[in-house]
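Asks: A single structure is presented below for examination.
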Amino acid sequence: MQVVNWERMVIIYGTITEYMGTAYTGLGVAHKYDTLIATANKTIFLKAPPTNAISKVLNDAAAHFIKRGYDVDRFNNPVQPDNTDAIYVKDLSLFILQASHPVSIEPTEIGGRHHVISFYDAYDEGKLQSRTTEMAQIADESSRVFTKMMQAMSEAKGIHDDWEQVNIVRMMWHEHEQLIESLKNELFGTMKLHKKSTVSHRIAGSLSPGGARDFIPSITSWTKRRILMKGLSGTGKSTMLKNLGKEAERRGIDVLYGWCGLDPTSVDILLLPELSVCLFDATQPHEYDPESPLDEVLDLVSMCTEDAEAEEKIREISGRYKERIMDATGYMHAYAHSENRLREVVDQAIIRKTFEEKARQLSKWIDV
């Protein structure tokens, strides 16, 4: 929360934290919306054709809450990273998402915690029908490059798995386990909160048209203590974060897990809000260095024994991995171009008056 003293008026603004809404990973398109929908007190599903216009509706809603002092999580679209796909208002436990694209999610508690606003009738069907052939061609091109992109990401993950195996066999795992226990004692001590841990899940980054993109600075910058993990692939960074997270959960400490954009089963970030502490993987493709005297570096590289033969294998594997990531990035660029063209065509058919009426309906529902 940010406080602004303007002459005699004190204005309290909320803050915004950015995440990826979805990720184009080596195991398919991933998201964590289901966990938010399951726990939110209220979820509003915005249904619409592929469009850029819903992003503005969500941004306006986010601004509404921020100006009233509420902290907001904003979920960005990796294909168009400046577009918003969803927002979550923490103190209200209110989740609002674009529930048709890029992933389709249906409400299961209509009349209860789930509410729907359909924008489909805010688009002129006649205008859309007149461009059916054009839209079909764009959609076919989009589907073609999407398939190639996801195949390249799958192959890249497979190569990355081989990379990890080379390091796994030369890792000093006993020292790794000792470090985990040491961190547990140092972070938590004898702390045991008499409540159930609140566990949240977010996606830290994803493949985007410009390559790998993440929001680690936005996610971690507010914490008083940042621990930057430096380690080679396969040296147990995700294992350590999961282990520490489970220990925090056991002690009733709230936990936020930030999941990987290449392998959605791996954790890149562990955030402990009540302790104002975060640990995160600060190596490629999301390499970060200390930015404050309070930042710490956790070295796992030294736990990997030197092996000339292993280094030679890694040079060959890393070359193949980089090639497939470059291929995937190229396909993502083409995919984004097709998706943007399709959205532009659809948005030319907006019935402005109807669309604004729908937006006002949302404004009434969220007025606080």
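Asks: Which residues, counting only those in segment 28-52, are over 17 Å from the mean Cα position of the chain (by Cα) and either under 15 Å from Pro102 (Cβ atoms) or open to solvent by 30 Å² or more (accessible area, probe 1.4 Å) (or both)?
Replies: If the condition is that a residue be over 17 Å from the mean Cα position of the chain (by Cα) and either under 15 Å from Pro102 (Cβ atoms) or open to solvent by 30 Å² or more (accessible area, probe 1.4 Å) (or both), then Ala38, Thr39, Asn41, Lys42, Phe45, Leu46, Lys47, Ala48, Pro49, Pro50, Thr51, Asn52 are the ones that fit.
Asks: Here's another thing I want to ask about it. Tally time: how many residues in segment 56-79 are in a helix (DSSP H, G or I), open to solvent by less than 10 Å² (accessible area, probe 1.4 Å) and free of Cβ contacts under 8 Å to residues at least 60 places away in the same chain?
Replies: Matching residues across segment 56-79 total 2.
Asks: Take Ala86 and tell me if it is crowded, with 23+ Cβ neighbours inside 10 Å, among the aliphatic types (A, V, I, L, M), out of contact with any Cys (no Cβ under 9 Å at 6 or more places or on another chain) and not in a strand (DSSP E or B).
Replies: no
Asks: Sticking with this structure for a sec: For the condition more than 27 Å from Met332 (Cβ to Cβ), in contact (Cβ under 8 Å) with a residue 40 or more places away in the chain, assigned to a helix (DSSP H, G or I) and not acidic (Asp, Glu), what is the one hit in Ile117, Ile159, Ile138, Ile180?
Replies: On inspection, the qualifying residue turns out to be Ile180.
Asks: Only one of (1) open to solvent by 40 Å² or more (accessible area, probe 1.4 Å); (2) farther than 26 Å from Val346 by Cβ; (3) assigned to a loop (DSSP other than H, G, I, E, B) is not met by Pro102, so which one is it?
Replies: Here Pro102 clears every test but (2).
Asks: For segment 229-243, give me each residue that is touching a strand residue (DSSP E or B) at 6+ places or on another chain (Cβ under 6 Å) and surrounded by 18 or more Cβ atoms within 10 Å (Cβ to Cβ).
Replies: Met229, Lys230, Leu232, Thr235, Lys237, Ser238, Leu241
Asks: Now a separate question. Looking only at segment 244-275, how many residues end up being open to solvent by 20 Å² or more (accessible area, probe 1.4 Å) and under 15 Å from Arg226 (Cα atoms)?
Replies: Residues flagged as open to solvent by 20 Å² or more (accessible area, probe 1.4 Å) and under 15 Å from Arg226 (Cα atoms) within segment 244-275 amount to 3.
Asks: Let me ask something additional. Assuming Tyr321 fulfils every condition listed in (1) at pLDDT below 95; (2) buried (at least 17 other Cβ atoms within 10 Å of the Cβ); (3) aromatic (Phe, Trp, Tyr) apart from one, which condition is it?
Replies: Going through the list (1) at pLDDT below 95; (2) buried (at least 17 other Cβ atoms within 10 Å of the Cβ); (3) aromatic (Phe, Trp, Tyr), Tyr321 breaks only (1).
Asks: Something else about it: Kindly indicate whether any position in segment 103-110 is of a type in the set (Gly, Ala, Ser) and under 16 Å from the mean Cα position of the chain (by Cα).
Replies: For segment 103-110, residues of a type in the set (Gly, Ala, Ser) and under 16 Å from the mean Cα position of the chain (by Cα): absent.
The values are calculated or read from the model by the stated rules, or taken from the named source; none is laboratory data. Keep in mind that what you see is a predicted model, and the values were worked out from it rather than measured. With ideal geometry, Cβ positions are generated from the backbone for all residues, glycine too; neighbour counts draw on all protein chains shown. These area figures cover heavy atoms from the full protein model, side chains too; ligands, DNA and RNA do not enter into them. Shrake-Rupley method; radii C 1.70, N 1.55, O 1.52, S 1.80 Å.
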